[in-house]
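Q: Got a structure here, written out as structure tokens. Questions coming.
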Amino acid sequence: MSRGFVAAIAAAAVLGLGAGAGAAYVTTPRATANAAGLPAAAAGTVEKVDPNTATVKTANGSSIEVPLASATIQKQEKATLADLEVGDAVLGRGRADAQGVVKLQTLQVLASARGGGQRGAGSVAGTIQKIDGQTLTLATNNGGTTTATLAADTRVERVVATTPADLKPGQSVAVARGQTGAVVTITSG
């Protein structure tokens, strides 16, 4: 999984779009992950899991203790264009062509039913309104629409709900601040 795609997951979580991950890492030696004390987003590896807490070590060597009682746990699964449905909330990254249409390299179908808005050159977010071959029309949260085209090799992943029992040492995860607790997304392993 690319660091950029993990950062996209973080952005989705921070924006309330469903998934969590990150480019911003914890800078303290140890941080407690709860709605108030959790960094906006971080990515790392599960070190240990007990019935109440998961410990995640980030790329900069710091650790986050995630209270599992209030956490939302989800995981990424491979998907295909055929798995996409009207109404899916998506977050995609790619490059805009000369006409301004984004050609996506990655597309994540979020666990949440809420879409976002166009995020800038090369990334899109919204709720699928229409699927026409490789082209998606997305409704944005500002009431507009945007169009994105899937490249032939677009990686499509769906974020699905799971339980703390699926968290295992050695897995790559993204952790973000949610509305009521941490949002932990299993990204590999």
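Q: With the requirement that a residue be aliphatic (A, V, I, L, M), more than 15 Å from the chain's Cα centre (by Cα) and surrounded by 11 or more Cβ atoms within 10 Å (Cβ to Cβ), what does the range 164-181 give you? Full working, then the answer.
A: Step one: filter the range 164-181 for residues aliphatic (A, V, I, L, M), giving 165, 167, 173-176.
Narrowing the set further to residues that are more than 15 Å from the chain's Cα centre (by Cα) leaves 165, 167.
Once the filter is applied, which keeps residues that are aliphatic (A, V, I, L, M), more than 15 Å from the chain's Cα centre (by Cα) and surrounded by 11 or more Cβ atoms within 10 Å (Cβ to Cβ), the range 164-181 yields only L167.
Q: Considering only the range 144-164, state which residues are farther than 10 Å from T106 by Cβ, part of a strand (DSSP E or B) and among the hydroxyl-bearing types (S, T, Y).
A: Once the filter is applied, which keeps residues that are farther than 10 Å from T106 by Cβ, part of a strand (DSSP E or B) and among the hydroxyl-bearing types (S, T, Y), the range 144-164 yields T145, T146, T147, T149.
Q: Quick check on this structure: which one of A161, A121, A139 is within 19 Å of the chain's Cα centre (by Cα), over 21 Å from E77 (Cβ atoms) and modelled with pLDDT of 90 or more? Talk me through it step by step, then tell me what you get.
A: On the way: A161 fails: over 21 Å from E77 (Cβ atoms); A121 fails: modelled with pLDDT of 90 or more.
Only one candidate qualifies: A139.
Q: Additional query: Out of all the residues in the range 127-163, which are of a type outside the set (D, E), closer than 14 Å to T80 by Cβ and surrounded by fewer than 17 Cβ atoms within 10 Å (Cβ to Cβ)?
A: I131, G133, Q134, A151, A152 - these are the residues of the range 127-163 that are of a type outside the set (D, E), closer than 14 Å to T80 by Cβ and surrounded by fewer than 17 Cβ atoms within 10 Å (Cβ to Cβ).
Q: Being hydroxyl-bearing (S, T, Y) and in the same structural domain as P39 (by TED's automatic domain parsing) is the requirement here; does S123 meet it?
A: Working: hydroxyl-bearing (S, T, Y): yes; in the same structural domain as P39 (by TED's automatic domain parsing): no.
Answer is no for this residue.
Q: Scan the range 84-95 for residues that are assigned to a strand (DSSP E or B) and surrounded by fewer than 16 Cβ atoms within 10 Å (Cβ to Cβ) and jot them down. Spell out the reasoning first.
A: First, pick out the residues of the range 84-95 that are assigned to a strand (DSSP E or B): 89-95.
Hit for the range 84-95 is R95, nothing else.
Q: Keeping to the range 96-116, report how many residues are farther than 19 Å from T127 by Cβ and either assigned to a loop (DSSP other than H, G, I, E, B) or without any contact (Cβ under 8 Å) to a residue 40 or more places away in the chain (or both). Don't jump to the end; show me each part of the working.
A: In the first step, residues of the range 96-116 are kept if they are farther than 19 Å from T127 by Cβ; the result is 96-100, 103, 105.
Okay, now just the ones that are also either assigned to a loop (DSSP other than H, G, I, E, B) or without any contact (Cβ under 8 Å) to a residue 40 or more places away in the chain (or both), so 96-100.
Total meeting the criteria: 5.
Q: So, restricting to strands (runs of 3 or more DSSP E) that lie completely within the range 1-83, which ones have at least 3 residues that are at pLDDT 90 or above? Steps first, please.
A: Working: elements: 30-32, 41-49, 53-58, 63-67, 72-79.
Strands (runs of 3 or more DSSP E) meeting the threshold: 41-49, 53-58, 63-67, 72-79.
The values are calculated or read from the model by the stated rules, or taken from the named source; none is laboratory data. Every value quoted in this text rests on a predicted model; they were computed, and no experiment measured them. All Cβ positions, even for glycine, are placed from backbone atoms using ideal geometry, and neighbour counts span all protein chains on display.
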